[in-house]
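To start, the structure itself, in structure tokens.
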Amino acid sequence: MKEIMAKLKEYLQMETEIPFGEFKSYYEQVIKELNGTFQDMDQKNCFDARYTCLIIQGNADARAKTDKGNMKQFKKISAKCAFWIEAIDYRLQKDGLTTDDIENAMRGLNEKMV
């Protein structure tokens, strides 16, 4: 997750939009990481993964409205990120965190990343 978060921070500080191919490649890297390590992730990595999925989902939703050629793929990316956000929330809540705890952690990450 460390590399994924470093790349996300770089993307968040950019003023231009990355090309679709790079966006999709980053998304695929995130999903591969989640598929491979989700069961063993500690709480910090769960928060990092959730934050990353939120950012990807928001960008995919926005791009689906403006990029008609890739709209279907952006919608699939958004849906897959929503799935992972729900899975991470379920796991964090199972570990005793509340929705407010999770949202506070997301606000903290956002302040740190931007």
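The values are calculated or read from the model by the stated rules, or taken from the named source; none is laboratory data. Remember, it's a predicted structure, so these values are computed and weren't measured experimentally. Neighbour counts are summed over all protein chains in view; Cβ atoms, including those assigned to glycine, are modelled from backbone coordinates with ideal geometry. These accessible areas exclude ligands, DNA and RNA; they are computed on the full protein's heavy atoms, side chains included. Shrake-Rupley method; radii C 1.70, N 1.55, O 1.52, S 1.80 Å.
Taking the Cα centre of the chain as the origin, how large is its charge dipole in debye, to the nearest 20, when only Lys and Arg (+1) and Asp and Glu (-1) carry charge on their Cβ atoms? It would help to have the intermediate numbers written out before the result.
Values: 18 positive and 19 negative charges, 96 e Å.
It works out to roughly 460 debye.
Taking only Cα atoms and a 10 Å spring cutoff, compute GNM fluctuations for the chain and point out the largest among 85, 102, 56.
102
Helix hunt in the chain: which complete DSSP H runs extend at least 20 Å axially by C-alpha with mean Kyte-Doolittle at least -1.0?
20-37, 43-66, 71-94
Write out the GluC sites (Glu not before Pro) in segment 16-114 meeting two conditions: DSSP loop, and at most 16 other Cβ atoms within 10 Å of their Cβ. Can you show the working numbers first?
On the way: sites: 17, 22, 28, 33, 86, 103, 111; in loops: 17.
Counting only loop positions with at most 16 other Cβ atoms within 10 Å, the GluC sites (Glu not before Pro) in segment 16-114 are 17.
Hey, can you find the accessible area per residue of segment 6-74 for me, probe 1.4 Å, expressed in square angstrom? Don't skip to the answer; put the middle values down first.
Numbers: 4060 Å² over 69 residues.
Counting only protein heavy atoms, the per-residue value for segment 6-74 is 59 Å².
Let me know the Rg and Dmax you get for segment 1-85 when you use only its Cα atoms, in Å.
12.5, 38
Determine the share of the chain's accessible area contributed by carbon and sulfur atoms, expressed in whole percent, with a 1.4 angstrom probe.
On the way: 3440 of 7000 Å².
Using a 1.4 Å probe with all protein chains present, the chain comes out at 49 percent carbon and sulfur.
Summing -39500 (n - 2.57) over the DSSP H runs of n ≥ 4 in the chain and dividing by its residue number, what mean residue ellipticity at 222 nm do you reach, to the nearest 500 deg cm²/dmol?
Value at 222 nm, helices only: -27500 deg cm²/dmol.
Which entries in 9/72; 72/112; 32/75; 2/68 show an alpha-carbon gap greater than 28 Å?
Working: 9/72 26 Å; 72/112 32 Å; 32/75 18 Å; 2/68 33 Å.
Where the Cα-Cα span goes over 28 Å, the pairs concerned are 72/112; 2/68.
Charges on Cβ only, +1 for Lys and Arg, -1 for Asp and Glu, centred on the Cα centroid of segment 1-51; of 34, 4, 14, which one is farthest towards the dipole's positive end?
Value: 34.
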